[in-house]
């Protein structure tokens, strides 16, 4: 009975996976239509992200680290203001998100965009790497892509599906909890990391197109990652590079994409 029950359970899981496979974006010139496992509600993740962002803002305000440099804040918000309308190329609802853009005074080389368009830059990223507006745009486009492609939602869905299969298999096959825990560790080590790196490469590609469409020079992606390589040499990689592909590979990918996105940049510049 156990093998039969296990087979039925696997069929149920497979059916749920098939129903949950969709894509969160349309394709631009770099492509953005990969099928994704999306089993959880985007509204729920947006709600949680909004609450987390509000908490971060509150804590940063108390610590007097939020938006301390008004000139720096204006630069970052100006870049975001040009990129946000371009998100319509990949999904029509994105320009209408409740976008927020803020800067925390911190030595960290970091930036992120939460689901729903909640963006945070860390001043250390701009100051230590002496970023140009074009380089800020490359970072911004990359981070916004994570939200557009709903990578967080995809990761949660993958973890949910894997955890369900592991727990169900442990019960039906009579495995102990330690076996299930071991299987979970293997999943995190092998599968989750691989998907994370795939997400980062995808964010590089789509982010570069957003950069170009907003009228920022996508060639800045090369100088940005060269600066990142220099910053990470001989020490701990910047937080922004956690579980990311090697910077040298990123430079090669950007250079390969330039023939596709440079015409978009040139057209945007002519139209300004």
Which residue pairs have Cβ atoms under 7 Å apart, sit 6 or more places apart or on different chains, and have a first residue in segment 204-228 that is at positive phi and free of Cβ contacts under 8 Å to residues at least 24 places away in the same chain and a second that is part of a helix (DSSP H, G or I) and surrounded by 24 or more Cβ atoms within 10 Å (Cβ to Cβ)?
none
What number of residues in segment 184-241 are at pLDDT below 95 and outside any helix (DSSP H, G or I)?
6
Take residue 30 and tell me if it is at pLDDT 95 or above, within 25 Å of residue 272 (Cβ to Cβ) and surrounded by 13 or more Cβ atoms within 10 Å (Cβ to Cβ).
no
Note on residue 92: of the conditions (1) at pLDDT 95 or above; (2) under 26 Å from residue 265 (Cα atoms); (3) not in a helix (DSSP H, G or I), unmet is (1)
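The values are calculated or read from the model by the stated rules, or taken from the named source; none is laboratory data. Computed from a predicted model, the values in this text were never measured in an experiment. Methodologically, a virtual Cβ is constructed for each residue, glycine included, from the backbone with ideal geometry; neighbour enumeration extends over all protein chains shown.
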